[in-house]
Ligand SMILES: Cc1ncc(C[n+]2csc(CCOP(=O)(O)OP(=O)(O)O)c2C)c(N)n1
Ligand SMILES: [Mg+2]
């Protein structure tokens, strides 16, 4: 197999070529995977070069979806996802997808064509102030002003995307820079192989801070790990498991942090925050919280009602300014999640055996608490209701999806229900919700990106009907790409989360919350892919198996779920309840 280092030294082009060709050559040398975009005049030389170099590029039907697909591809591979858009509307359509990656810390290199500088500011067609619009959407916007600087600034884009807290970088390429030519030398096409995947480099927390944290943990009887998406970005799974097992410390996770350790592991407490099985109650009873790669934002903290202020927090985080933003930290560990967890394990190694003995009763509580929760949830998990209960759908996913499967979850109920009830069977990014910006519409294009990133694994995307309607055109993309992707449409004929909130807060006065009754399986068949309508919960298992068995064309499972807005929420949403000092909600 050719490594990135080999590629960076071999096959370097030279001579006179267009800016577009130079850009494509740099992406080739960087080992870029499939790209997603929609062309226009400005980037034509780039598209032409991609074809000549035999690189994989997929025409997408909406640039936002290209950015979503690139984001999911990056989450699965750790390598920057690549997407592009043309001048004006192509560029502005990227905004939502790129903010998802900025907030989620996901490496992406996005390319936007811009006006020819000989004519800009003269009402060129599609001209708009796209750099100003896109700048706050990305980690860095790099405007390329000279054809000769394309290799250097593409190199910079990869370095910024994969360093520190990863994120998206937008290369803004004026038409004349892309169409113009330059006589390049082979040396111009240098690559830094360490910047081609995230994290490019690791920084360790200060030694004295590690020792302070270790002392706090050593003295704790009921310590708890709270992990967010940073655990995946840092690829800290093995380090987390080693630390948790050595010290007998249970692990709770946000939606993005699911899979930090396998959900089926005995130390996993499941989701914490807005919705929780047993994690929230254990957080309240804890005496030391170790927060890793998690911003402690609104949903993780139940709108800042958790964790109780008297419990000391050790906060390990790559972005220094996130520490203490929502909750003060007793010890701030500024650094990479994996490196920090390794250092904590080492600092506490001598007392590990004694710590495990002291905490035996504490971790011994977990199975009993989990069983009590399961008994309480059993009527919903095993429900034979028609329309189908969301909990039953989640249980069927747990039964059907193998260890290596990837479940991509959309922004509405799809993410919240599976965040609470879906169990990953192996550590790693096997559950991909778009919690950076929580836009609806991520499910299908995210599924496309994940399926291309993991062609051997079953990939299932779960989305609301509203989210699916938003991006229906990408079913054509998935068909053209011959992806064996299974798409579950949660058909509740509603903008469900909104309707459920109106039920809880507006006395059942529904405004702009209903969708038409649709047959998404029939729509899928009309678009040339497999469509299966599922109304009976017993048919869910066979339908999922049929979808996952299709290896080269997508399957849409149109799952008819409850239409009762009083039954839609996974539990009480604490925003709908007035919280007073000392109250306990949900
Ligand atoms: C782009 C966007 N617009 C609005 C919202 C607010 N929102 C959150 S959930 C939801 C309902 C979405 O309906 P659907 O996709 O059918 O999912 P359901 O809640 O019914 O399962 C909406 C509108 C959002 N998250 N993203
Ligand atoms: Mg819906």
### Query
Which of the residues spanning the range 305-337 are in contact with a helix residue (DSSP H, G or I) (Cβ under 9 Å, 6 or more places away or on another chain) and not in a loop (DSSP other than H, G, I, E, B)?
314, 315, 316, 317, 331, 332, 333, 334, 337
### Query
Is it the case that some residue within the range 367-387 is within 16 Å of ligand 2 (Cβ to nearest atom) and at pLDDT 95 or above?
yes
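Evaluate the range 170-179: report whether one residue or more is under 25 Å from the mean Cα position of the chain (by Cα), within 21 Å of residue 77 (Cβ to Cβ) and in contact (Cβ under 8 Å) with a residue 60 or more places away in the chain. Reasoning before the result, please.
Of the residues in the range 170-179, the ones under 25 Å from the mean Cα position of the chain (by Cα) are 170-172.
Remaining after also requiring within 21 Å of residue 77 (Cβ to Cβ): 170-171.
From what's left, in contact (Cβ under 8 Å) with a residue 60 or more places away in the chain: 170-171.
The answer is yes; a qualifying residue exists.
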### Query
What pairs come up if the first residue lies in the range 405-418 and is modelled with pLDDT under 95, the second is assigned to a loop (DSSP other than H, G, I, E, B) and within 8 Å of ligand 1 (Cβ to nearest atom), and their beta carbons are under 7 Å apart, counting only those six or more places apart or on different chains?
411/438; 411/439; 411/440; 412/440; 413/568
### Task
Check the range 521-543 and report whether any residue there is assigned to a loop (DSSP other than H, G, I, E, B), in contact (Cβ under 8 Å) with a residue 60 or more places away in the chain and within 16 Å of ligand 1 (Cβ to nearest atom).
no
### Query
So which residues in the range 563-579 are in contact (Cβ under 8 Å) with a residue 12 or more places away in the chain and surrounded by fewer than 20 Cβ atoms within 10 Å (Cβ to Cβ)?
563, 566, 567, 571, 572, 574, 575, 576, 579
### Message
Give all pairs with beta carbons closer than 6 Å in which a residue from the range 475-500 that is more than 15 Å from residue 548 (Cα to Cα) and at pLDDT 95 or above meets a residue that is away from ligand 2 (no atom under 16 Å from the Cβ) and outside any loop (DSSP other than H, G, I, E, B); count only pairs at least 6 apart in sequence or on separate chains.
### Response
481/58
### Query
Inside the range 299-316, can you point out the residues that are touching a residue at least 60 places away in the same chain (Cβ under 8 Å) and out of contact with any strand residue (DSSP E or B) (no Cβ under 7 Å at 6 or more places or on another chain)?
299, 300, 302, 303, 305
## Note on the structure
Of the residues in the range 378-390 that are in contact (Cβ under 8 Å) with a residue 40 or more places away in the chain and surrounded by 12 or more Cβ atoms within 10 Å (Cβ to Cβ), the one that is farthest from residue 560 (Cα to Cα) is 381
### Query
Would you pick out the residues in the range 546-562 that are under 22 Å from residue 383 (Cβ atoms) and either under 25 Å from the mean Cα position of the chain (by Cα) or part of a strand (DSSP E or B) (or both)?
547, 557, 558, 559, 560, 561
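Tell me which residues, restricted to the range 417-431, are under 13 Å from the mean Cα position of the chain (by Cα) and either over 20 Å from residue 555 (Cα atoms) or within 16 Å of ligand 1 (Cβ to nearest atom) (or both). Spell out how you get there, then give the answer.
To start, the set of residues in the range 417-431 that are under 13 Å from the mean Cα position of the chain (by Cα) comprises 419, 428-431.
Result: 419, 428, 429.
Could you pull out every one of the strands (runs of 3 or more DSSP E) wholly within the range 64-173 that has 3 or more residues that are crowded, with 24+ Cβ neighbours inside 10 Å? Walk me through it before giving the result.
Working: elements: 81-85, 108-114, 140-143.
Qualifying strands (runs of 3 or more DSSP E): 81-85, 108-114.
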### Message
What are the pairs with Cβ atoms under 7 angstrom where one residue, in the range 251-271, is closer than 20 Å to residue 404 by Cβ and the other, located anywhere, is surrounded by fewer than 24 Cβ atoms within 10 Å (Cβ to Cβ) and at pLDDT below 95? Sequence gap at least six, or different chains.
### Response
none
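So that you can scan it fast, the table gives a plain yes or no per residue for (1) surrounded by fewer than 24 Cβ atoms within 10 Å (Cβ to Cβ); (2) within 16 Å of residue 527 (Cα to Cα); (3) near ligand 1 (Cβ under 8 Å from one of its atoms):
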| residue | (1), (2), (3) |
| --- | --- |
| 454 | yes, no, no |
| 476 | yes, yes, no |
| 489 | no, yes, no |
| 504 | yes, no, no |
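To keep it simple, each residue is scored yes or no on (1) within 9 Å of ligand 2 (Cβ to nearest atom); (2) outside any loop (DSSP other than H, G, I, E, B); (3) touching a strand residue (DSSP E or B) at 6+ places or on another chain (Cβ under 7 Å).
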{"residue": "445", "(1), (2), (3)": "no, yes, no"}
{"residue": "455", "(1), (2), (3)": "no, no, no"}
{"residue": "460", "(1), (2), (3)": "no, yes, yes"}
{"residue": "467", "(1), (2), (3)": "yes, yes, no"}
{"residue": "472", "(1), (2), (3)": "no, no, no"}
{"residue": "476", "(1), (2), (3)": "no, yes, no"}
{"residue": "479", "(1), (2), (3)": "no, yes, no"}
{"residue": "482", "(1), (2), (3)": "no, no, no"}
{"residue": "489", "(1), (2), (3)": "yes, yes, yes"}
### Query
Within the range 372-416, which residues are outside any helix (DSSP H, G or I) and within 16 Å of ligand 1 (Cβ to nearest atom)?
387, 388, 389, 407, 408, 409, 410, 411, 412
### Message
Cβ-Cβ distance below 6 Å, separation of 6 or more or different chains: which pairs start in the range 430-455 with a residue that is under 12 Å from residue 483 (Cα atoms) and end on one that is more than 11 Å from ligand 1 (Cβ to nearest atom) and in a loop (DSSP other than H, G, I, E, B)?
### Response
447/485; 451/483; 451/485; 452/34
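The values are calculated or read from the model by the stated rules, or taken from the named source; none is laboratory data. Since we're looking at a predicted model, the values are computed, not measured. Note that we place each Cβ from the backbone using ideal geometry, even for glycine, and neighbour counts take in every protein chain shown.
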